[in-house]
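See below for the structure under consideration.
The values are calculated or read from the model by the stated rules, or taken from the named source; none is laboratory data. Just so it is clear, the model here is predicted, and its values are computed rather than measured. Quick reminder, even Gly has a Cβ in these numbers, built from the backbone with ideal geometry, and neighbours come from all protein chains shown.
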Amino acid sequence: MRTSAKKARGRPRGRTAPHRPVLSVRVPEELYEKVQKSARASGRTVSEEAVWRAQQSYEWEAAHGTAGAMLAEAKKVAAATVKAELERKLREHGYTKVRDTNGRSMWIEAGAEPLQLFNDDTRALLQEMLNRAAERAIQKLTGG
């Protein structure tokens, strides 16, 4: 009868590594091949490459936001660029930008008088406003 000890199975004791959760996903064959190829090129394992690529996407998103946010910003910049170019072209062709009292603006063609755009009632109101402003200016200048 033998009294020898059983042979130990599994990983050798003494090695302790921090616990790392496992994330298992199924991917299309084309993506798996891309990850394999880039892992070989970078000298990483497929698992390390997948983790690195995932981290890169989160860092990119943190730095740049979502693709939707980038698209919205690009549309905003494009609209501002188009508006600026249109205004430049209008000025180039002699148009003048005029603002009303509400902050709205309109473009007047070359040679047109802004006051021609208003009706008689509006012109009278503008004239009254100019008269009052002139009177106040005179009073300030004369110390009255």
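Quick notes on this structure:
Results for (1) in a strand (DSSP E or B); (2) farther than 30 Å from E92 by Cα; (3) at pLDDT below 85; (4) of a type outside the set (D, E, K, R), shown as yes or no for each residue.
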{"site": "M106", "(1), (2), (3), (4)": "yes, no, yes, yes"}
{"site": "A112", "(1), (2), (3), (4)": "no, no, yes, yes"}
{"site": "D121", "(1), (2), (3), (4)": "no, yes, yes, no"}
{"site": "R132", "(1), (2), (3), (4)": "no, yes, no, no"}
{"site": "R136", "(1), (2), (3), (4)": "no, yes, no, no"}
{"site": "Q139", "(1), (2), (3), (4)": "no, yes, no, yes"}
{"site": "G144", "(1), (2), (3), (4)": "no, yes, yes, yes"}
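- Evaluation of Y95 against (1) within 30 Å of T122 (Cα to Cα); (2) more than 33 Å from the chain's Cα centre (by Cα) (one fails), failing number: (2)
- Between E29, E73, the distinction of being of a type in the set (D, E, K, R) and either modelled with pLDDT under 95 or in contact with a Cys (Cβ under 8 Å, 6 or more places away or on another chain) (or both) belongs to E73 only.
- Test result for V77, without any contact (Cβ under 8 Å) to a residue 24 or more places away in the chain and surrounded by 11 or more Cβ atoms within 10 Å (Cβ to Cβ): no
- Criterion: of a type outside the set (S, T, Y) and surrounded by 11 or more Cβ atoms within 10 Å (Cβ to Cβ) - qualifying residue of E30, E59, E85, E49: E49
- The residues listed here are V35, V82, V77; of these, the one that is within 25 Å of L23 (Cα to Cα) and in a helix (DSSP H, G or I) is V35.
- Test: residue in region 22-29 that is on the phi < 0 side of the Ramachandran plot and either part of a helix (DSSP H, G or I) or in contact (Cβ under 8 Å) with a residue 24 or more places away in the chain (or both): yes
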